[in-house]
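Asker: Quick one: this structure, given as C-alpha coordinates, is what I'll be asking you about.
The values are calculated or read from the model by the stated rules, or taken from the named source; none is laboratory data. All values reported here derive from a predicted model rather than from experimental measurement. Note: ideal-geometry Cβ built from the backbone for every residue, glycine included; neighbour counts use all protein chains shown. These area figures cover heavy atoms from the full protein model, side chains too; ligands, DNA and RNA do not enter into them. Shrake-Rupley method; radii C 1.70, N 1.55, O 1.52, S 1.80 Å.
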Amino acid sequence: QQQVKQSPQSLIVQKGGIPIINCAYENTAFDYFPWYQQFPGKGPALLIAIRPDVSEKKEGRFTISFNKSAKQFSLHIMDSQPGDSATYFCAASYNSGGYQKVTFGTGTKLQVIP
Amino acid sequence: EAGVAQSPRYKIIEKRQSVAFWCNPISGHATLYWYQQILGQGPKLLIQFQNNGVVDDSQLPKDRFSAERLKGVDSTLKIQPAKLEDSAVYLCASSLTSGGSEQYFGPGTRLTVT
(Lines give C-alpha, C1' and ligand atoms only; values in the text may rest on other atoms or scores of the structure.)
Protein backbone atom coordinates (compact mmCIF):
# COMPACT_ATOMS: atom_id res chain seq x y z
CA GLN A 1 0.00 0.00 0.00
CA GLN A 2 3.01 2.24 0.42
CA GLN A 3 4.09 1.78 -3.19
CA VAL A 4 4.07 4.46 -5.84
CA LYS A 5 4.04 2.97 -9.34
CA GLN A 6 5.74 5.10 -11.98
CA SER A 7 5.72 4.74 -15.76
CA PRO A 8 7.27 4.69 -18.25
CA GLN A 9 10.73 3.53 -17.19
CA SER A 10 12.31 5.52 -20.01
CA LEU A 11 11.16 8.09 -22.52
CA ILE A 12 12.68 9.67 -25.60
CA VAL A 13 11.15 12.81 -27.12
CA GLN A 14 12.22 15.37 -29.66
CA LYS A 15 12.96 18.93 -28.61
CA GLY A 16 9.70 20.84 -28.25
CA GLY A 17 7.71 17.70 -27.45
CA ILE A 18 5.63 17.18 -24.32
CA PRO A 19 6.82 14.17 -22.32
CA ILE A 20 4.30 12.83 -19.81
CA ILE A 21 5.25 10.74 -16.80
CA ASN A 22 2.59 8.96 -14.79
CA CYS A 23 2.37 7.78 -11.21
CA ALA A 24 -0.28 5.84 -9.32
CA TYR A 25 -0.73 5.17 -5.63
CA GLU A 26 -3.00 3.15 -3.34
CA ASN A 27 -2.69 4.75 0.07
CA THR A 28 -5.36 7.44 0.41
CA ALA A 29 -3.49 8.89 3.38
CA PHE A 30 -0.88 10.38 1.04
CA ASP A 31 -1.24 14.17 1.15
CA TYR A 32 1.82 15.58 -0.58
CA PHE A 33 3.04 14.65 -4.04
CA PRO A 34 6.41 16.06 -5.13
CA TRP A 35 8.36 15.47 -8.30
CA TYR A 36 12.15 15.36 -8.22
CA GLN A 37 14.65 15.79 -11.05
CA GLN A 38 18.00 14.02 -10.87
CA PHE A 39 21.00 14.58 -13.12
CA PRO A 40 23.81 12.00 -13.27
CA GLY A 41 26.12 12.26 -10.29
CA LYS A 42 23.78 14.60 -8.43
CA GLY A 43 21.16 14.18 -5.75
CA PRO A 44 17.47 14.63 -6.61
CA ALA A 45 16.16 18.19 -6.57
CA LEU A 46 12.55 19.21 -6.00
CA LEU A 47 10.92 20.31 -9.23
CA ILE A 48 7.28 20.87 -8.35
CA ALA A 49 4.81 19.53 -5.80
CA ILE A 50 1.06 19.34 -5.33
CA ARG A 51 -1.40 18.66 -2.57
CA PRO A 52 -4.64 16.74 -3.25
CA ASP A 53 -6.92 19.75 -2.85
CA VAL A 54 -6.03 20.99 -6.34
CA SER A 55 -6.20 19.19 -9.69
CA GLU A 56 -3.40 21.01 -11.48
CA LYS A 57 -0.34 23.06 -10.71
CA LYS A 58 1.99 24.84 -13.15
CA GLU A 59 5.46 26.15 -12.57
CA GLY A 60 7.13 27.42 -15.72
CA ARG A 61 7.19 24.59 -18.26
CA PHE A 62 6.31 21.93 -15.69
CA THR A 63 2.72 20.94 -14.87
CA ILE A 64 1.37 18.39 -12.42
CA SER A 65 -2.08 16.96 -13.13
CA PHE A 66 -3.72 15.26 -10.16
CA ASN A 67 -6.71 12.91 -10.23
CA LYS A 68 -7.72 12.16 -6.66
CA SER A 69 -10.51 9.71 -7.52
CA ALA A 70 -8.22 7.66 -9.77
CA LYS A 71 -5.31 8.01 -7.35
CA GLN A 72 -3.04 9.08 -10.16
CA PHE A 73 -0.85 12.06 -10.89
CA SER A 74 1.35 13.00 -13.78
CA LEU A 75 4.11 15.37 -14.80
CA HIS A 76 3.99 17.19 -18.13
CA ILE A 77 6.99 19.07 -19.50
CA MET A 78 5.98 21.67 -22.06
CA ASP A 79 8.36 22.64 -24.88
CA SER A 80 10.95 20.13 -23.67
CA GLN A 81 14.63 20.99 -24.10
CA PRO A 82 17.80 18.86 -24.24
CA GLY A 83 18.68 20.30 -20.82
CA ASP A 84 15.60 18.55 -19.41
CA SER A 85 17.28 15.19 -20.05
CA ALA A 86 17.41 13.65 -16.58
CA THR A 87 15.75 11.06 -14.39
CA TYR A 88 12.44 12.09 -12.87
CA PHE A 89 11.01 10.63 -9.69
CA CYS A 90 7.53 11.04 -8.34
CA ALA A 91 6.99 10.68 -4.63
CA ALA A 92 4.14 10.61 -2.16
CA SER A 93 4.10 11.27 1.53
CA TYR A 94 1.74 11.33 4.47
CA ASN A 95 1.92 12.49 8.04
CA SER A 96 2.53 9.77 10.61
CA GLY A 97 3.11 10.64 14.23
CA GLY A 98 4.02 14.22 13.36
CA TYR A 99 6.50 13.49 10.63
CA GLN A 100 6.22 12.80 6.90
CA LYS A 101 6.73 9.27 5.58
CA VAL A 102 7.93 9.50 1.98
CA THR A 103 7.85 6.86 -0.76
CA PHE A 104 9.54 7.38 -4.11
CA GLY A 105 8.60 5.96 -7.48
CA THR A 106 11.10 3.93 -9.50
CA GLY A 107 12.07 6.78 -11.81
CA THR A 108 11.73 7.70 -15.49
CA LYS A 109 14.81 8.40 -17.55
CA LEU A 110 13.98 11.14 -20.02
CA GLN A 111 16.06 11.92 -23.08
CA VAL A 112 15.24 14.99 -25.16
CA ILE A 113 16.77 14.81 -28.62
CA PRO A 114 17.80 18.11 -30.27
CA GLU B 1 22.94 29.10 1.40
CA ALA B 2 25.27 26.09 1.43
CA GLY B 3 23.71 22.80 0.37
CA VAL B 4 23.84 19.38 1.96
CA ALA B 5 27.42 18.14 2.09
CA GLN B 6 28.41 14.49 1.94
CA SER B 7 31.72 12.66 2.03
CA PRO B 8 33.30 10.71 0.63
CA ARG B 9 31.84 10.94 -2.87
CA TYR B 10 33.07 7.48 -3.85
CA LYS B 11 34.14 4.43 -1.89
CA ILE B 12 35.24 0.98 -2.97
CA ILE B 13 35.54 -1.75 -0.34
CA GLU B 14 35.63 -5.51 -0.19
CA LYS B 15 32.75 -7.48 1.24
CA ARG B 16 32.84 -7.93 5.00
CA GLN B 17 34.73 -4.66 5.43
CA SER B 18 33.19 -1.69 7.20
CA VAL B 19 32.51 1.78 5.82
CA ALA B 20 31.19 5.09 7.13
CA PHE B 21 29.55 8.01 5.38
CA TRP B 22 29.25 11.55 6.67
CA CYS B 23 26.55 14.15 6.09
CA ASN B 24 26.33 17.82 7.02
CA PRO B 25 22.79 19.12 6.48
CA ILE B 26 21.71 22.65 5.67
CA SER B 27 22.07 24.86 8.72
CA GLY B 28 18.87 25.03 10.74
CA HIS B 29 17.25 21.98 9.18
CA ALA B 30 15.73 19.86 11.91
CA THR B 31 15.06 16.74 9.86
CA LEU B 32 17.75 14.56 8.29
CA TYR B 33 17.23 11.54 6.06
CA TRP B 34 19.49 8.78 4.76
CA TYR B 35 18.40 7.04 1.56
CA GLN B 36 19.78 4.10 -0.37
CA GLN B 37 19.49 4.38 -4.15
CA ILE B 38 20.27 1.22 -6.07
CA LEU B 39 21.05 1.74 -9.75
CA GLY B 40 17.85 2.16 -11.74
CA GLN B 41 15.63 2.53 -8.69
CA GLY B 42 14.15 5.32 -6.65
CA PRO B 43 15.62 6.35 -3.30
CA LYS B 44 14.63 4.09 -0.41
CA LEU B 45 14.47 5.67 3.04
CA LEU B 46 16.81 4.01 5.52
CA ILE B 47 16.48 6.29 8.52
CA GLN B 48 14.95 9.65 9.43
CA PHE B 49 16.09 11.88 12.30
CA GLN B 50 14.17 14.71 13.88
CA ASN B 51 16.89 16.79 15.55
CA ASN B 52 19.01 14.03 17.13
CA GLY B 53 16.21 11.52 17.67
CA VAL B 54 15.24 8.70 15.32
CA VAL B 55 11.65 8.92 14.06
CA ASP B 56 11.75 6.18 11.42
CA ASP B 57 14.26 3.38 10.95
CA SER B 58 11.83 0.71 9.85
CA GLN B 59 13.77 -0.05 6.63
CA LEU B 60 17.25 0.06 8.12
CA PRO B 61 18.95 -3.37 8.19
CA LYS B 62 19.91 -3.00 11.81
CA ASP B 63 22.11 -6.10 11.89
CA ARG B 64 24.68 -4.30 9.74
CA PHE B 65 23.66 -0.66 9.37
CA SER B 66 23.80 2.00 12.07
CA ALA B 67 23.41 5.75 12.06
CA GLU B 68 23.71 8.57 14.49
CA ARG B 69 23.16 12.31 14.47
CA LEU B 70 25.35 14.09 16.93
CA LYS B 71 23.98 17.24 18.59
CA GLY B 72 21.21 17.34 16.01
CA VAL B 73 23.54 18.46 13.21
CA ASP B 74 25.99 16.17 11.38
CA SER B 75 25.20 12.52 10.84
CA THR B 76 27.13 9.37 10.07
CA LEU B 77 25.86 6.16 8.48
CA LYS B 78 27.90 3.01 9.00
CA ILE B 79 27.80 -0.40 7.37
CA GLN B 80 29.54 -3.26 9.13
CA PRO B 81 30.09 -5.77 7.58
CA ALA B 82 29.30 -4.79 4.01
CA LYS B 83 27.68 -7.18 1.54
CA LEU B 84 27.75 -7.12 -2.25
CA GLU B 85 24.09 -6.02 -2.33
CA ASP B 86 24.98 -2.87 -0.40
CA SER B 87 26.49 -1.43 -3.58
CA ALA B 88 24.43 1.70 -4.16
CA VAL B 89 24.42 5.48 -3.85
CA TYR B 90 23.76 6.65 -0.31
CA LEU B 91 21.93 9.97 -0.30
CA CYS B 92 21.57 12.33 2.61
CA ALA B 93 18.77 14.88 2.63
CA SER B 94 17.53 17.49 5.05
CA SER B 95 14.39 19.53 5.49
CA LEU B 96 13.45 22.48 7.61
CA THR B 97 10.73 20.58 9.41
CA SER B 98 9.33 17.08 9.29
CA GLY B 99 5.91 18.16 8.13
CA GLY B 100 5.83 17.94 4.36
CA SER B 101 8.46 20.51 3.57
CA GLU B 102 10.92 20.26 0.72
CA GLN B 103 13.81 17.85 1.09
CA TYR B 104 17.22 19.03 -0.06
CA PHE B 105 19.53 16.25 -1.20
CA GLY B 106 23.28 16.02 -1.11
CA PRO B 107 25.28 14.66 -4.06
CA GLY B 108 25.46 11.18 -2.56
CA THR B 109 28.21 8.66 -1.87
CA ARG B 110 28.62 5.94 -4.46
CA LEU B 111 29.59 2.69 -2.69
CA THR B 112 30.94 -0.28 -4.57
CA VAL B 113 31.36 -3.53 -2.65
CA THR B 114 33.57 -6.10 -4.39
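Asker: Need one word for the stretch A:7-114: rounded, prolate or oblate. Basis is the Cα gyration tensor (sqrt eigenvalues a ≥ b ≥ c); a/c below 1.5 gives rounded, then a/b vs b/c decides.
Answerer: Since a/c reaches 1.5 and a/b is larger than b/c, the shape of the stretch A:7-114 is classed as prolate.
Asker: Could you rank A:31, A:84, B:63 by how accessible they are, 1.4 Å probe, largest area first?
Answerer: B:63, A:31, A:84
Asker: Could you work out the mean count of beta carbons from other protein chains within 10 Å of each residue's beta carbon in B:23-29?
Answerer: Values: counts 0, 0, 0, 0, 0, 0, 0.
For this peptide, the per-residue mean of nearby foreign Cβ atoms is 0.
Asker: Let me ask something else about it. If you take each beta carbon of peptide B:103-110 and count the beta carbons of other chains within 10 angstrom, what is the mean? Please list the in-between numbers first.
Answerer: Working: counts 10, 4, 7, 2, 3, 5, 0, 1.
Mean partner shielding for this stretch: 4.
Asker: Compute for the stretch B:13-98: radius of gyration divided by Kirkwood radius, i.e. Rg/Rh, restricted to C-alpha atoms, rounded to two decimals. Walk me through the numbers before you get to the answer.
Answerer: Values: Rg = 12.6 Å, Rh = 13.1 Å.
Rg/Rh: 0.96.
Asker: Let me ask another. Output ³J(HN,Hα) for the stretch A:43-58: one whole-Hz value per residue in order, computed from phi by the Karplus curve 6.51 cos²θ - 1.76 cosθ + 1.60 with θ = phi - 60°, and x for Gly and Pro.
Answerer: x, x, 10, 4, 9, 6, 9, 9, 10, x, 8, 10, 9, 7, 9, 10
Asker: Tabulate in residue order the Karplus-calculated ³J(HN,Hα) for the stretch A:81-89, using 6.51 cos²θ - 1.76 cosθ + 1.60 with θ = phi - 60°, rounded to whole Hz; enter x for Gly and Pro.
Answerer: Per-residue couplings from phi come out as 10, x, x, 7, 4, 5, 9, 10, 10 Hz.
Asker: Give the whole-number value, in cubic angstrom per residue, of the convex hull volume spanned by the C-alpha atoms of the protein assembly as shown. Don't skip to the answer; put the middle values down first.
Answerer: Working: hull volume 28.3 nm³, N = 228.
Normalising the Cα hull of the protein assembly as shown by residue number yields 124 Å³.
Asker: Percent relative contact order of chain A, based on C-alpha pairs within less than 8 angstrom and at least six residues apart?
Answerer: Working: 288 pairs, mean separation 41.4, N = 114.
It comes to 36 percent, rounded to a whole number.
Asker: Moving on. How about the stretch B:18-93: which trypsin sites (Lys or Arg not before Pro) there lie in a loop by DSSP and see at most 12 other Cβ atoms within 10 Å? The partial results should precede the final answer.
Answerer: Values: sites: B:44, B:62, B:64, B:69, B:71, B:78, B:83; in loops: B:62, B:64, B:83.
Those satisfying the criteria are B:62, B:83.
Asker: Here's something else I'd like to know. Work from the charge dipole of the stretch A:4-113 (Cβ charges, +1 for Lys and Arg, -1 for Asp and Glu, about the Cα centre) and give the residue of A:41, A:23, A:83 farthest towards its positive end.
Answerer: It is A:41.
Asker: I've got another one for you. Step through the residues of the stretch A:97-113 one at a time and calculate ³J(HN,Hα) from phi using the Karplus curve (6.51 cos²θ - 1.76 cosθ + 1.60, θ = phi - 60°), rounding each to whole Hz and writing x for Gly and Pro.
Answerer: The phi angles translate into x, x, 9, 8, 9, 10, 10, 9, x, 8, x, 10, 8, 9, 10, 9, 8 Hz.
Asker: Give me the dipole magnitude in Debye, nearest 20, for chain B about the Cα centre, with unit charges on the beta carbon: positive for Lys and Arg, negative for Asp and Glu.
Answerer: Numbers: 12 positive and 10 negative charges, 79 e Å.
For this selection, approximately 380 debye.
Asker: A further question follows. List the trypsin sites (Lys or Arg not before Pro) in the stretch A:20-114 that DSSP assigns to loop (not H, G, I, E or B) and whose Cβ has at most 12 other Cβ atoms within 10 Å. Which are they? Display every interim value, and only then the final one.
Answerer: Numbers: sites: A:42, A:57, A:58, A:61, A:68, A:71, A:101, A:109; in loops: A:42, A:61, A:68, A:71.
Hits after loop and neighbour filter: A:68.
Asker: How much accessible area does residue B:19 have with a 1.4 Å probe, in Å² rounded to the nearest 10?
Answerer: Surface open to solvent at residue B:19 totals about 10 Å².
Asker: To continue, here is another question. Mind putting a number on the dipole of the protein assembly as shown about its Cα centre? Charges go on the C-beta only, +1 for Lys and Arg and -1 for Asp and Glu, and I need it in Debye to the nearest 20.
Answerer: Details: 23 positive and 17 negative charges, 90 e Å.
With only Lys, Arg, Asp and Glu charged at Cβ, the dipole is about 440 debye.
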